[in-house]
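Only one structure is covered here, and it is reproduced in the block below.
The values are calculated or read from the model by the stated rules, or taken from the named source; none is laboratory data. Worth saying up front: this structure is predicted, and the values here are computed from it rather than measured. Cβ atoms come from the backbone with ideal geometry, glycine included; neighbour counts cover every protein chain shown. Side chains included, ligands, DNA and RNA excluded: accessible areas come from the protein's heavy atoms. Shrake-Rupley method; radii C 1.70, N 1.55, O 1.52, S 1.80 Å.
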Amino acid sequence: MKRMKEYTPYHSPNDPCPPIGKKYYSTPPQLYIPFQPANLPQYSPKEALAKGTLWPAFYDYYDNPYRQRGN
Amino acid sequence: MPTSMPDDYYRLLHDLQAVDFVLVELTLYLDTHPTDEEAVKQFNHYSSERKKLKKQIERSYGPLQQYGNSYSATDKWNWSDGPWPWQV
């Protein structure tokens, strides 16, 4: 299960709908690497094709945070 | 039109796809890192690798591309022999 950041939106007493609860957002690695350094370790071609990136440093797969946590 | 292709056909196309992906990634990387000799060396290596792979595929399964990007068979205009891309 992918660790994702979360926040809880304010739920007003006047809000007729049930509270949303936790909302999740992803912060992929490219946010933290301003300029890609040279000679980063690489995947093999087949693995890079499957994972969608040549460099493990930028690997960022999608994991539905709402499914496991049930809310 | 053949009803089925040998496993080798799919294996070679998978290899070609993997090499193509590496070339795309390296192209994008080199656009912003033009002086990274290591990456340029790797790019040229995979580029020649792709040429060999393409020749190998086309020798047994016909042309991959059109308009002169691939040779045609000499005895017959055979670009429509193999399965179409969406049929692969």
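Of note:
- Label-point separation in nm, residue B:5 to residue B:32, each point 7 Å along Cα→Cβ: 3.5 nm
- Computed from Cα atoms, the angle from the helix B:37-61 axis to the main principal axis of chain B rounds to 0 degrees.
- Approximate spin-label separation residue A:36-residue A:63, in nm, with each point projected 7 Å along Cα-to-Cβ: 2.4 nm
- Once all protein chains are placed together, residue A:7 keeps about 110 Å² accessible to a 1.4 angstrom probe.
- Complex-versus-alone comparison for the range B:22-56, residues with a loss of 50 Å² or more in accessible area, probe 1.4 Å: B:25, B:29, B:33
- Sequence of B:79, A:55 when ordered by accessible area, the most exposed leading, probe 1.4 angstrom: B:79, A:55
- Three semi-axes of the equivalent ellipsoid, chain B, Cα gyration tensor, whole Å, largest first: 30, 14, 11
- Probe 1.4 Å, protein heavy atoms only - accessible area per residue of chain B in square angstrom: 71 Å²
- Cross-link partners for residue A:22 among the aspartates and glutamates, with Cα-Cα distance under 13 Å and sequence neighbours closer than 8 places in the same chain left out: A:6.
- Shown here for chain B: trypsin sites (Lys or Arg not before Pro) in loop regions (DSSP other than H, G, I, E, B) with at most 11 other Cβ atoms within 10 Å, namely B:76.
- With kT/(6 pi eta Rh) evaluated at 25 °C and eta = 0.890 mPa s, and Rh the Kirkwood radius from Cα pairs, the protein assembly as shown diffuses with a coefficient of 123 µm²/s according to Stokes-Einstein.
- Base-10 log of normalised Debye intensity for chain A (one unit scatterer per alpha-carbon) at q = 0.11, 0.21 Å⁻¹: -0.45, -0.97
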